[in-house]
Amino acid sequence: MSEHVWRHLNLCPNGDPDASIEDAALAVRDGTIAWLGAARDLPREFDAWPSTNLGGAWVTPSLVDCHTHLVFGGHRADEFALRLRGASYEEIARRGGGIVSTVRATRAADEDALLASASARLEPLIAEGVGAIEIKSGYGLELESERKMLRVARELSRCYPVSVYTTFLGAHALPPEFAGRADAYIDEVCERMLPALADEGLVDAVDVFCERIGFTLAQSERVFEAAQRRGLPVKMHAEQLSLMGGTALAARYRALSADHLEFLDEAGVQAMKEAGAVAVLLPGAYYFIRETQLPPIEWLRRYDVPIALATDCNPGTSPATSLLAMLNLGCTLFRLTVPEVLQGVTRHAARALGRGDRHGELAPGRPADFVVWSVSTLAELAYWMGRPLAARVVRAGATVHTAPVSPWTGRFLDTCAEAFQRSAQ
Ligand code: NIG
Ligand code: FE
């Protein structure tokens with residue numbers, strides 16, 4: 001049996017700074033939280049347990065990245081360069097570039113190559129405190145290649161200290177071999193791909209890109225029906241480039257989340273509220289395609305729809321491998337508040353995965369998955385741009401990452417990490 005008490009920390013148990021506990025203690029038995037609260041209330045029974053003094057460092061739950069396309073072949077830096085010369089994301093997609101060019105590269109890559117390139121994107125996320133991540137398929141667009149992507153996503157969870165939730169996004173784009181036959185492709189998605197992949201245990205949820213350059217409402221609904229027949233939860237890339245009404249459809253199917261939402265109207269927000277869906281905002285994509293239409297933040301607030309933030313890590317619209325960067329963009333571009341963005345990558349993001357019971361919050365009986373931060377206030381997590389801030393990443397009570405030692409001075413890069421390391425020795 002392993003028993004440990006983490007002492008002298010400032011604890012933010014669920015991402016809401018108002019719920020923080022100063023000078024807290026956290027007792028962990030066999031990877032599970034046995035007790036947490038103010039240090040002065042720590043029951044005597046824990047006094048004899050080995051302990052670590054965190055020197056007043058901030059601790060939050062591990063972060064949750066609830067919308068990514070982390071597994072893909074190649075990249076689209078060349079397309080980025082084209083966009084800088086004036087072409088829009090939508091024009092490039094219509095000319096056979098965009099998603100379809102990543103489909104070509106993904107189909108051509110084997111599992112080892114996909115695993116290696118996805119690992120290079122996953123590692124920085126884990127190092128900054130991500131403990132759960134959603135990974136979508138959607139660059140294979142035929143059974144074998146979609147299977148390959150989902151198998152790689154599952155393999156990542158075996159190779160790394162992170163929970164991976166897979167989403168089947170067969171309806172991401174029309175593959176070239178189905179040009180002009182979108183309905184026939186949707187038949188393939190619903191009748192062949194989804195059933196086969198679900199039977200293999202590769203699918204945790206089902207997503208659709210409902211858009212002018214994606215799929216219609218009627219096609220999206222067919223995918224949702226197929227998911228429902230399998231008992232799988234749904235979510236949607238909705239209202240990213242235009243108002244299609246996909247969010248209201250997603251709400252009717254009790255979607256876990258509707259994502260992007262720049263063009264969402266008030267009726268759609270109301271539908272989300274009634275369905276209990278999470279609004280997943282993706283400021284990296286908004287920034288990278290230089291969108292100017294802001295998501296309806298005020299309506300989301302007014303209707304009290306939970307807001308999550310994610311990287312949307314993908315080669316076309318958000319080549320982002322930092323969730324903390326999304327906190328900064330969420331605040332600067334969307335004018336979200338610090339409490340909103342912190343909850344957006346903890347409890348609300350966990351709820352968007354349908355795993356609010358497992359991630360995004362620290363409480364007795366839950367896994368001891370947390371991050372010790374090198375910051376003196378929680379606002380710093382949204383404030384710094386590009387600076388590593390996780391002093392220590394803990395999963396099931398075990399340290400899985402620590403801030404690196406400076407190669408120049410041999411010292412830890414910041415005072416919190418140093419204080420922590422000293423006390424841990
Ligand atoms: O989340 N909107 C559709 N899917 C991705 C973009 C995919 C791509 O361009 O490769 C997104 O923005
Ligand atoms: Fe996406």
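The values are calculated or read from the model by the stated rules, or taken from the named source; none is laboratory data. Predicted model, so just to flag it, every value in this text is computed and none were measured. Here the Cβ positions follow ideal geometry from the backbone for every residue, glycine too, while neighbour counts run over all protein chains shown. Accessible surface areas use protein heavy atoms only, side chains included; no ligands, DNA or RNA. Shrake-Rupley method; radii C 1.70, N 1.55, O 1.52, S 1.80 Å.
Which value, in debye to the nearest 20, describes the size of the charge dipole of region 232-313 about its Cα centre when Lys and Arg Cβ atoms bear +1, Asp and Glu Cβ atoms bear -1, and nothing else is charged?
On the way: 7 positive and 10 negative charges, 43 e Å.
Rounded to the nearest 20 debye, it is 200 debye.
Please give the length that would be gained between GLU123 and THR399 if that part of the chain were fully extended, namely 0.36 nm times their separation in residues minus their C-alpha to C-alpha distance (nm, one decimal). List each step's numbers first, then the result.
Working: separation 276, 0.36 × 276 = 99.36 nm, distance 1.50 nm.
Net length gain for the segment: 97.9 nm.
Whole number in Å², please: accessible area per residue of the chain, 1.4 Å probe, ligands, DNA and RNA not counted. Before the final figure, lay out each step's value.
On the way: 16700 Å² over 425 residues.
Dividing the accessible area of the chain by its residue count gives 39 Å².
Check the straight Cα-Cα distances from LYS273 and name the lysines below 20 Å, setting aside those fewer than 8 residues away within the same chain.
Once the sequence-local lysines are set aside, what remains near LYS273 is LYS235.
Which value in deg cm²/dmol, rounded to the nearest 500, describes the helix-derived mean residue ellipticity at 222 nm for the chain, given -39,500 (n - 2.57) per DSSP H run of n ≥ 4 and division by the residue count? Mind showing how you got there, number by number?
Working: 17 runs with 152 residues, N = 425.
About -10000 deg cm²/dmol.
Under a 10 Å cutoff between Cα atoms, tell me which one of PHE178, PHE209, PHE168 has the largest fluctuation in the Gaussian network model of the chain.
Among PHE178, PHE209, PHE168, the largest GNM mean-square fluctuation belongs to PHE178.
Mind checking the full-extension length gain between TRP408 and ALA113? Use 0.36 nm per residue of separation minus the Cα-Cα distance, one decimal, nm.
Details: separation 295, 0.36 × 295 = 106.20 nm, distance 3.35 nm.
So the chain would gain 102.8 nm between TRP408 and ALA113.
Mean-square fluctuation check for the chain, GNM, Cα pairs under 10 Å: which of PRO296, PRO13, PRO50 is largest?
Evaluated over the chain, the most mobile residue of the options is PRO50.
How much of the accessible area of the chain, probe 1.4 Å, is carbon plus sulfur, in whole percent?
Numbers: 8480 of 16700 Å².
Here carbon and sulfur together make up 51 percent of the probe-accessible area.
To the nearest 20 debye, what is the magnitude of the charge dipole of the chain about its Cα centre, counting +1 on the Cβ of each Lys and Arg and -1 on the Cβ of each Asp and Glu? If you can, show how the numbers build up before the last one.
On the way: 42 positive and 53 negative charges, 75 e Å.
Rounded to the nearest 20 debye, it is 360 debye.
Using R₀ = 22 Å, calculate the FRET efficiency as 1/(1 + (r/R₀)^6) where r is the Cβ-Cβ separation of THR337 and SER376; round to 0.05. Display every interim value, and only then the final one.
On the way: r = 19 Å, r/R0 = 0.86.
Approximately 0.70, to the nearest 0.05.
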